[in-house]
1. Which members of segment 34-47 meet the condition of being of a type outside the set (Phe, Trp, Tyr) and under 17 Å from the mean Cα position of the chain (by Cα)?
2. For segment 66-78, how many residues meet the condition of being under 24 Å from Val5 (Cβ atoms) and either more than 15 Å from the chain's Cα centre (by Cα) or of a type in the set (Ser, Thr, Tyr) (or both)?
3. When you go through (1) out of contact with any Asp or Glu (no Cβ under 9 Å at 6 or more places or on another chain); (2) farther than 25 Å from Pro103 by Cα; (3) without any contact (Cβ under 8 Å) to a residue 40 or more places away in the chain; (4) not polar (S, T, N, Q) one by one for Val5, which number turns out not to apply?
4. Just checking, how many residues over segment 76-88 are farther than 21 Å from Leu56 by Cβ and touching a Leu at 6+ places or on another chain (Cβ under 9 Å)?
5. Identify all residues within segment 86-97 that are touching a Phe, Trp or Tyr at 6+ places or on another chain (Cβ under 8 Å) and of a type in the set (D, E, K, R); write none if there are none.
6. For segment 48-64, check the following and say yes or no: at least one residue is over 17 Å from the mean Cα position of the chain (by Cα), of a type in the set (S, T, N, Q), within 17 Å of Asp14 (Cα to Cα) and loosely packed, with under 13 Cβ neighbours inside 10 Å.
7. In segment 72-124, which residues are of a type in the set (A, V, I, L, M), surrounded by 17 or more Cβ atoms within 10 Å (Cβ to Cβ) and either more than 14 Å from Ile54 (Cβ to Cβ) or in contact with a Gly (Cβ under 7 Å, 6 or more places away or on another chain) (or both)?
Amino acid sequence: MIRGVNRVVLTVDDQERARKFWTEKLGFSVATDAAYGDDQRWLEVASPDGQASIVLSKRMPGQRDTREEVPTELPTASFFLYADDVERTYRELADVGVTFPAPPSKQPWGWWSMFEDSEGTRIALGQRGE
């Protein structure tokens with residue numbers, strides 16, 4: 001039986017820049033950083049709650065980048081992150097230089113916001129418990 005989500009993959013252009021963003025700005029920790037195959041790197045960061053990981057996968061030559069195909073008011077990552085208080089998290093992350101296209105807002109499904117990672121990917125941020 002499926003029990004939940006363990007990992008998601010986020011394609012990045014620069015794994016080292018992405019690692020620094022996710023660990024230094026968002027508080028994730030490196031779960032795995034290992035070479036494999038022909039010049040490949042498995043770089044996985046774990047969420048602060050330890051419930052999920054994001055694999056920061058290097059974009060391969062010729063791999064399609066769909067970020068520009070999504071309207072700017074929508075996320076380009078296919079997952080949401082959560083915080084206990086979106087408004088407070090928005091202020092804390094903005095203070096350390098994380099870019100938010102717009103401030104948090106209350107929607108029919110609850111509080112949400114969206115930020116950009118070091119690679120320009122827009123990631124949705126929801127509020128847990130709503």
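1. Leu43, Glu44, Val45, Ala46, Ser47
2. Number satisfying all stated conditions: 4.
3. Answer for Val5: the failing condition is (3).
4. Count: 1.
5. Of everything in segment 86-97, just one residue is touching a Phe, Trp or Tyr at 6+ places or on another chain (Cβ under 8 Å) and of a type in the set (D, E, K, R), namely Glu87.
6. Scanning segment 48-64, I find at least one residue that is over 17 Å from the mean Cα position of the chain (by Cα), of a type in the set (S, T, N, Q), within 17 Å of Asp14 (Cα to Cα) and loosely packed, with under 13 Cβ neighbours inside 10 Å, so the answer is yes.
7. Ala83, Val86, Leu93, Val98, Met114
Every residue, every condition in (1) out of contact with any helix residue (DSSP H, G or I) (no Cβ under 7 Å at 6 or more places or on another chain); (2) small (Gly, Ala, Ser); (3) over 17 Å from Arg7 (Cα atoms); (4) free of Cβ contacts under 8 Å to residues at least 40 places away in the same chain, yes or no:
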residue	(1), (2), (3), (4)
Gln40	yes, no, yes, yes
Val45	no, no, no, yes
Asp49	yes, no, no, yes
Phe80	yes, no, no, no
Ala83	no, yes, yes, no
Val86	yes, no, yes, no
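Bear in mind that the values in this text are calculations on the coordinates, not laboratory data. Every value quoted in this text rests on a predicted model; they were computed, and no experiment measured them. Note that we place each Cβ from the backbone using ideal geometry, even for glycine, and neighbour counts take in every protein chain shown.
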